[in-house]
Amino acid sequence: MFGILRPCARHSCPRLHRAWRAHLCGLCLTLRDRHGQLARAATNYDGLVLSVLTEAQRPESTTRRVAGPCPLRGFRRAEVVSSQSEGARLAAATSLALASGKIRDHAADGDGAAGRRVSGAPLRLVAGSWTAAAGRGAGSIGFDTSVLDSVPERQAELEGTPGLSLLDLTEPTETAVAAAFAHTAVLARAPHNAGALREAGRFFGRIAHLLDAVEDLEEDLARGAYNPLVATGTPLSEARRLCDDALHGLRLAVADLDLEERHLAEALLLDEVRRAIARTFGHRTAPASVSAPNPLLAVLAGILTFFTCGLYRPPWSRLRNESWDNRCYADNCDGCCDCANCCRCCGSGHSSGHSSGGGADSGSGGGSPGDFGGGEMTADGGDFGGGSGGDFGGGDMSADVGADVGADGGCCDSCCCDCDCDCGCGCD
């Protein structure tokens, strides 16, 4: 499982989280039904957003069915998106193409099992078969995967070209994701959304590429492998700024979309992307070029930090380049979240931006001010997949997912806590 969109059950609307898992299980089962059991290994968190976007524009385009018992659901049945739904088919084809490209990229770089001359041959054969399967699957719904298949080659060409900027290097990923996003407008019979979707896909692809580069930075440095941040001399602070700018563009593009049901799409593309950025940069230490301070400077910096409520952070602080609300002590969660701010989707109709309340990106209960400890975002073995007749699959989804999003646009019957603090304030 890979991808940046990983909603946490503890901090999501219960029904919203089940709806997300219905799409994730649906993607897993669509890969199995249309491309074989092995294809389920291509299931990823980000691909399912195509299924979500298709349904958000035209809910009747997505059908659901009851999946059989699955070990990862405690052998319970669950309602999942059907493999007949065009959004799920697009998500499956795109996931196969991206997984194939990832294998071929590793093979070209000599990384991991795929890069081994003999033992990596089966993986390279799988990549070839997945590329062909993705083309057939996408062709049946009118999507040309050549823009996805060409990403590794175009990326390798750009990486061998000196003098390029970081955004030059992210362009192939941006273009590929933009094309996939825009095609959901074709499937949903909503051509007027194509432009905004293309923009949203471009910004989402940029963020995903940058976060991947940041996460791989230490390992790439240790192995002497190529990393776009190193190749372009881009510091982490500049990469963070580019991510924040792209997130702003993504927000504007999503706001321009004409969606019949906005909530799940916004929760993924706005809230979860924001959390992914905070999660990726939050645990990064200061660059190695910034030396540790002498004791006197440390004391002076600590005093200044204290009297500015954390707005000032010294050069060696890992929070120095964070936004003001993540630096400021006064803006962090303190024992319990404010339900008036974080519980905003219940019975409120269509949400135009399910943003969290104070301290959403930082703190965790009694954690130290400014520390990114907050909600654990990774799904465990029971949060994903899908299954039938004992096949491995998804999480505990025994509730009726079809009712996750009501006709009136409200998503929940209960409080929907969207805070990143374990505040125990009764939000469930």
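The values are calculated or read from the model by the stated rules, or taken from the named source; none is laboratory data. Because the structure is a prediction, the values reported are computed rather than measured. Note that each Cβ is placed from the backbone with ideal geometry, even for glycine, and that neighbours are counted across all protein chains shown.
For the criterion of being modelled with pLDDT of 95 or more, out of contact with any Asp or Glu (no Cβ under 9 Å at 6 or more places or on another chain), over 23 Å from residue 52 (Cα atoms) and of a type outside the set (Val, Ile, Thr), residue 215 fails.
The listed residues are 265, 286, and the only one of them that is modelled with pLDDT under 80 and small (Gly, Ala, Ser) turns out to be 286.
Looking across segment 31-58, the residues that are of a type in the set (D, E, K, R) and more than 20 Å from the chain's Cα centre (by Cα) come down to 32, 33, 34, 58. Within segment 25-46, being buried (at least 24 other Cβ atoms within 10 Å of the Cβ) and in contact with a Ser or Thr (Cβ under 7 Å, 6 or more places away or on another chain) holds for 26, 27, 28, 29, 30, 31, 42, 43.
For residue 89, indicate whether it is surrounded by fewer than 15 Cβ atoms within 10 Å (Cβ to Cβ) and either touching a residue at least 40 places away in the same chain (Cβ under 8 Å) or touching a helix residue (DSSP H, G or I) at 6+ places or on another chain (Cβ under 9 Å) (or both). Here the answer is no, as residue 89 does not meet what is asked. Within segment 47-73, if we keep just the residues that are of a type in the set (Val, Ile, Thr), modelled with pLDDT under 95 and under 22 Å from residue 137 (Cα atoms), the residue that is surrounded by the most Cβ atoms within 10 Å (Cβ to Cβ) turns out to be 62. Only one entry of 211, 197, 164 meets the criterion of being more than 19 Å from the chain's Cα centre (by Cα) and in contact (Cβ under 8 Å) with a residue 60 or more places away in the chain, and that entry is 164. For the residues 62, 54, the requirement of being without any contact (Cβ under 8 Å) to a residue 60 or more places away in the chain and touching an Asp or Glu at 6+ places or on another chain (Cβ under 7 Å) singles out 62. Looking at this structure, is residue 301 over 30 Å from residue 14 (Cβ atoms), surrounded by 17 or more Cβ atoms within 10 Å (Cβ to Cβ), at pLDDT 70 or above and among the aliphatic types (A, V, I, L, M)? Spelling it out, residue 301 is indeed over 30 Å from residue 14 (Cβ atoms), surrounded by 17 or more Cβ atoms within 10 Å (Cβ to Cβ), at pLDDT 70 or above and among the aliphatic types (A, V, I, L, M). Of all residues in segment 135-168, which are surrounded by 17 or more Cβ atoms within 10 Å (Cβ to Cβ) and of a type in the set (S, T, N, Q)? Of everything in segment 135-168, those that are surrounded by 17 or more Cβ atoms within 10 Å (Cβ to Cβ) and of a type in the set (S, T, N, Q) turn out to be 145, 155.
Residue 186 meets each of the listed conditions (1) out of contact with any Gly (no Cβ under 9 Å at 6 or more places or on another chain); (2) part of a helix (DSSP H, G or I); (3) surrounded by fewer than 21 Cβ atoms within 10 Å (Cβ to Cβ); (4) in contact (Cβ under 8 Å) with a residue 40 or more places away in the chain apart from (1). If the condition is being aliphatic (A, V, I, L, M) and crowded, with 22+ Cβ neighbours inside 10 Å, then segment 92-115 contributes 92, 93, 96, 97, 98, 99, 103, 114. Remark: pairs (first residue in segment 216-229, among the small types (Gly, Ala, Ser); second residue in a loop (DSSP other than H, G, I, E, B); Cβ separation under 8 Å; 6+ apart in sequence or on different chains) = 225/111.
Residues of segment 244-257 include none that is touching a His at 6+ places or on another chain (Cβ under 7 Å), surrounded by fewer than 18 Cβ atoms within 10 Å (Cβ to Cβ), modelled with pLDDT of 95 or more and part of a loop (DSSP other than H, G, I, E, B).
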